[in-house]
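Quick notes on the structure that follows.
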C-alpha cells in the first residue's frame with residue numbers, strides 16, 4: 001500500500017464533499033467516500049479519537065427502514081443527509097487543523113503520523129481530449145496498483161452521451177487528467193471548468209513547450225517529453 005500524508009488525504013476527502021451533495025447514503029460513490037474517510041481518520045488519529053468518533057456518529061439519514069418509505073420520509077432523509085455532509089466537512093477541517101498544529105507547535109511531541117498506508121478505491125476521469133490509444137495506455141500504466149479504474153471521456157462522446165452524463169462521471173471520479181497540449185479542444189476546457197467548479201482534484205498534462213493559458217498555470221500540471229516520461233511523472237504524483 002502507498003504511504004501518503006494524512007493532511008493531503010483528509011483535504012482530498014473534504015474537497016469531495018461538494019460532489020456528494022446530489023447523491024444519497026446508498027450511492028456507491030458516497031459509500032466509497034464514507035469508508036475511505038473513516039479509514040483515514042482512524043489511521044491518523046485512532047479509533048478512540050474525537051474526530052473518528054464524531055464522524056462515526058453521523059447517520060446521513062433519519063429513517064432507514066424501507067417499510068416506512070414515503071415522499072415525506074424522503075424529504076426528511078434528504079435534509080439529514082445534507083446536514084451531515086456539512087457536519088462531516090467540519091469534522092475534516094477540524095482534523096486538518098489538529099494535524100497542522102501538531103507539526104508546527106509540538107514538533108518534539110508529535111502524536112500524529114506524518115504518513116499513513118492507504119488503499120485507494122474508485123475511479124479517475126480521463127478527459128475527452130485524450131483519444132490516442134498510446135496516451136491512454138501510458139496513463140493507465142501509471143495508475144496500475146492504485147486501486148483506481150479509468151473513466152474515458154472520449155468513449156462517452158463516441159457513445160453520443162450528453163454533457164450531463166460527463167458531468168456525472170466527473171462528479172463520481174476521485175480525480176481527473178486533462179490534456180491541454182492542444183487548446184483547440186473546447187470539450188477539454190469545459191470538462192476542466194466543471195471539475196474545478198466541483199472542487200475536484202485535477203492534473204493537467206501537456207507536451208513539452210506547449211503553450212498554457214495563464215489561468216491554469218497555478219494548477220497541478222505535468223509537462224512531459226514522451227509517453228514513458230508521462231507515465232513516470234504521473235506515477236510519482238499518485239504515490
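Would you be able to say whether some residue in region 197-213 is touching a helix residue (DSSP H, G or I) at 6+ places or on another chain (Cβ under 7 Å), modelled with pLDDT under 90 and assigned to a strand (DSSP E or B)?
Yes.
For region 75-181, please list each of the helices (runs of 4 or more DSSP H) lying entirely inside it that holds at least 3 residues being surrounded by 12 or more Cβ atoms within 10 Å (Cβ to Cβ), modelled with pLDDT under 90 and not assigned by TED's automatic domain parsing to the domain that holds residue 30.
Values: elements: 133-142, 153-158, 163-172.
Hits in region 75-181: 163-172.
Out of the residues in region 34-52 meeting the condition of being surrounded by 16 or more Cβ atoms within 10 Å (Cβ to Cβ) and more than 11 Å from residue 13 (Cα to Cα), tell me which one is farthest from the chain's Cα centre (by Cα).
This residue is 49.
Out of the residues in region 154-169 that are touching a residue at least 12 places away in the same chain (Cβ under 8 Å) and within 17 Å of the chain's Cα centre (by Cα), which is nearest to residue 185 (Cα to Cα)?
Taking the candidates together, the pick is 166.
Of all residues in region 12-32, how many are touching a strand residue (DSSP E or B) at 6+ places or on another chain (Cβ under 9 Å), part of a helix (DSSP H, G or I) and under 22 Å from residue 112 (Cβ atoms)?
2
State the number of residues belonging to region 214-226 that are in contact with a helix residue (DSSP H, G or I) (Cβ under 9 Å, 6 or more places away or on another chain) and assigned to a strand (DSSP E or B).
3
The values are calculated or read from the model by the stated rules, or taken from the named source; none is laboratory data. Predicted, not measured: the structure shown is a model, and the values here were computed from it. Cβ: placed from backbone, ideal geometry, glycine included. Neighbour counts: every protein chain shown.
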